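The values are calculated or read from the model by the stated rules, or taken from the named source; none is laboratory data. What you are looking at is a predicted structure, and each value in this text was computed from that prediction instead of being measured. We place every Cβ from the backbone using ideal geometry, glycine too, and count neighbours over all the protein chains shown. To get the accessible areas, we keep the full protein, side chains included, count just its heavy atoms, and leave off ligands, DNA and RNA. Shrake-Rupley method; radii C 1.70, N 1.55, O 1.52, S 1.80 Å.
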Amino acid sequence: MLRAPVRLGIVGLGAVAQLVYEPILSRRRDLFHIAGVAELSASVRDTVGERLCVPPAHRHDSVAELLDAGEIEALLVLSSGSHGAVVDMVTAEGIPTLVEKPLAWTHEELDRLAGREQLIQVGYMKRFDPAYQRLAGLLAEAAAPIRAVEVTVLHPSDARQIAFRGGELARATDLSSATSSDLEAQSSALREKALGDAAATLGWVYSEVLLGSLIHDLAVLRPLVGDPLRISWARLWPDHWGPDRLSVGCDADLADDVQLSIRWHYLPDYPRYRETVRIHTEEGSYTLVFPSPYVLHAPTELTVTTAAGEYPEARRSLSHVEAFEAQLESFHAVVSGGRAPTIGIDEARADITTCQRIASDLASNLMLPLGGEAANAA
């Protein structure tokens, strides 16, 4: 059995690494010692590596080099895009891995990970939030049937979300054109594997919005109300939508005739990120509001609205416990104590299935030819 602190490697040193994991890991040295990092950008690798107290010899430009150095007992995957190939490479060496969402963009990538379930924990940190866990407990005790579930995400630009920080993030401005082209080719191939010809139009919506953001809400809802059984409606708007001007809507059927409504809006200049989950029962409502993930210890708000005799009653509670930190504590228990991962490959597969079903409905509405895995996802 391993003893704390666990020798941890990190792949990818972008925004989430710098804004979230760097401050937490710098403080929680009782859990992890950062033994090595891998980052394509030399400038980011050196700037962030120095802040994390990682010696130059332990700063690598590839995952393969990090593994060959033999420095790590566990890995944290924070790179952009699909993480399937990285997780495949690392878990083939028997190294436990905590991977930021999404684990993969395609079922084919997940198929390669078969038999390694005990090594992979997927980073759906909102499930570790005490406010969410309190909501789950209240719903488990409630006798009234659930009638409807509503999710609304108001998503400002990343620049707006991190404006509070001051100063600049270390950014990968030094990648060669060949490296950038190779990364884009790999991503394009995965999008086409998922959606076929429809990837030319919907590929980035699938990878960056559905699997890059809405996937969190699917993970939040799964223990509470299950996965969608059928997508009944999906739409993109306004006219001439694009990466800087987009809303995504989706309605779905859940078990027991419960209806789900999801509305996701990219609003570059909106004042702050706001993610709201509402669950309506026949006797009251439960509202959970998540803050921006980039603001550590910002409160998650739970409001329970019920009837107290003749009058409505709203009870509000706040949780300031940092869900990312609680997730790291859980992963430490996986690595050092042999605990099974809390969230694993099966949930990642369910999320890919749902996102491909949404993409299928979007393609149908836009009269796009759908192929790839999504053609069989209905």
Fill in the blank from the handout: The strands (runs of 3 or more DSSP E) lying wholly within the stretch 249-338 that contain at least 2 residues that are of a type in the set (Lys, Arg) are 274-281, 311-319
Problem - First in the stretch 201-226 and in contact (Cβ under 8 Å) with a residue 24 or more places away in the chain, second anywhere and of a type in the set (Val, Ile, Thr) and part of a helix (DSSP H, G or I), Cβ under 7 Å, 6 or more apart - result: Leu210/Ile358; Leu218/Thr354
Practice task
Sort out which residues of the stretch 335-357 are over 15 Å from Ala219 (Cβ atoms) and buried (at least 23 other Cβ atoms within 10 Å of the Cβ), and write them in order of number.
Solution key: Val335, Gln356
Exercise for the section: Given the conditions (1) touching a helix residue (DSSP H, G or I) at 6+ places or on another chain (Cβ under 6 Å); (2) under 23 Å from Ala69 (Cβ atoms), report the number of the one that Leu110 does not fulfil. Expected result: (2)
Practice task
Would you mention how many residues in the stretch 130-142 are at pLDDT 95 or above, over 13 Å from Ala219 (Cα atoms) and touching a Phe, Trp or Tyr at 6+ places or on another chain (Cβ under 9 Å)?
Solution key: 4
Exercise for the section: Scan (1) more than 17 Å from the chain's Cα centre (by Cα); (2) assigned to a helix (DSSP H, G or I); (3) more than 30 Å from Asn376 (Cα to Cα) for the single condition Tyr21 breaks and write down its number. Expected result: (1)
Problem - First in the stretch 61-82 and under 22 Å from Leu190 (Cα atoms) and open to solvent by 30 Å² or more (accessible area, probe 1.4 Å), second anywhere and at pLDDT 95 or above and in a loop (DSSP other than H, G, I, E, B), Cβ under 7 Å, 6 or more apart - result: Ser79/Gly12; Ser80/Gly12; Ser80/Gly14
Practice task
Kindly establish whether Leu296 is closer than 28 Å to Leu75 by Cβ, touching a helix residue (DSSP H, G or I) at 6+ places or on another chain (Cβ under 9 Å) and either hydroxyl-bearing (Ser, Thr, Tyr) or surrounded by fewer than 19 Cβ atoms within 10 Å (Cβ to Cβ) (or both).
Solution key: yes
Exercise for the section: Output the residue which, of all residues in the stretch 354-366 that are out of contact with any Pro (no Cβ under 9 Å at 6 or more places or on another chain), in contact (Cβ under 8 Å) with a residue 40 or more places away in the chain and in a helix (DSSP H, G or I), is farthest from His83 (Cα to Cα). Expected result: Asn365
Handout entry: Residues that are assigned to a helix (DSSP H, G or I) and surrounded by fewer than 17 Cβ atoms within 10 Å (Cβ to Cβ), drawn from the stretch 48-57
Key = Glu50, Arg51, Pro56, Ala57
Problem - Those residues of the stretch 339-353 which are in a loop (DSSP other than H, G, I, E, B) and hydrophobic (A, V, I, L, M, F, W, C), in sequence order - result: Ala340, Ile343
Completion exercise
Expected output for the stretch 184-197 (first residue closer than 11 Å to Gly81 by Cα and in contact (Cβ under 8 Å) with a residue 60 or more places away in the chain, partner open to solvent by less than 50 Å² (accessible area, probe 1.4 Å) and charged (D, E, K, R), Cβ below 8 Å, 6+ apart or cross-chain) is Leu190/Glu109
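Which one of Ala348, Ala326 is under 12 Å from Gly123 (Cβ atoms) and touching a strand residue (DSSP E or B) at 6+ places or on another chain (Cβ under 9 Å)? Spell out the reasoning first.
Values: Ala326 fails: touching a strand residue (DSSP E or B) at 6+ places or on another chain (Cβ under 9 Å).
The conditions single out Ala348.
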